[in-house]
Amino acid sequence: MISISRNLCIDHYRSVRKERETIDRDVDAGELMPAASEAGAVAALEQRDRVELLKQALSALPDTLRTAVLMRDIQELSYQEIADRLRLPEGTVKSRINRGRTELARQIRKLRGDEYSPSGAVTKRTGAY
């Protein structure tokens with residue numbers, strides 16, 4: 001589940017970065033063709049839903065954990081860079097990232113309506129995902 005959370009963070013970062021890229025203003029809008037098929041539109045909608053889910057889950061994390069996870073998984077800083085910026089021991093940074101990812105995965109499951117047994121097996125799942 002941690003890799004899912006990390007991948008959602010990376011997907012969000014990439015989509016935001018693409019939005020920031022400049023657009024060639026000399027392009028004639030009449031010459032443009034749709035880049036996506038109907039399936040692409042559905043995928044884009046699902047992607048937006050995943051990003052919104054991730055934002056909600058991240059907002060539920062304590063600031064200390066959220067900051068560590070974002071610095072590592074979104075900004076892709078090394079453990080040492082994070083430790084230097086936060087003025088913390090590297091071991092503390094690693095611990096916060098691990099706890100943050102675990103909590104993020106738990107929040108995502110909660111928001112999606114997944115109910116897990118203590119063994120981690122899915123006992124009930126509702127929702128579109």
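The values are calculated or read from the model by the stated rules, or taken from the named source; none is laboratory data. Worth saying up front: this structure is predicted, and the values here are computed from it rather than measured. Side chains are part of the model used for accessible areas, which takes the heavy atoms of the whole protein and leaves out ligands, DNA and RNA. Shrake-Rupley method; radii C 1.70, N 1.55, O 1.52, S 1.80 Å.
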Applied in sequence order to segment 71-84, the curve 6.51 cos²θ - 1.76 cosθ + 1.60 (Karplus, θ = phi - 60°) yields integer Hz couplings, x standing for Gly and Pro, of 5, 7, 8, 9, 7, 6, 7, 6, 4, 5, 4, 5, 4, 5
SASA check, Ile10, accessible area w/ 1.4 Å probe, all protein chains in place, rounded to nearest 10 Å², comes out at 20
Contour minus Cα-Cα span, Leu111 to Glu90, at 0.36 nm per residue, comes to 4.5 nm
Rounded to the nearest 10 Å², the accessible area of Arg96 using a 1.4 Å probe with every protein chain kept is 60
Given backbone amide H placed at 1.01 Å from N, residues whose amide H is under 5 Å from that of Asp114, ignoring those fewer than 5 places away on the same chain, are Thr126
Stretched fully, the stretch from Glu81 through Val51 gains (0.36 nm per residue minus C-alpha distance, one decimal, in nm) 8.2 nm
With all protein chains in place and a 1.4 Å probe, Leu61 shows an accessible area in Å² (nearest 10) of 10
Over segment 45-93, with neighbouring protein chains present, the accessible area per residue in Å² at probe 1.4 Å is 58
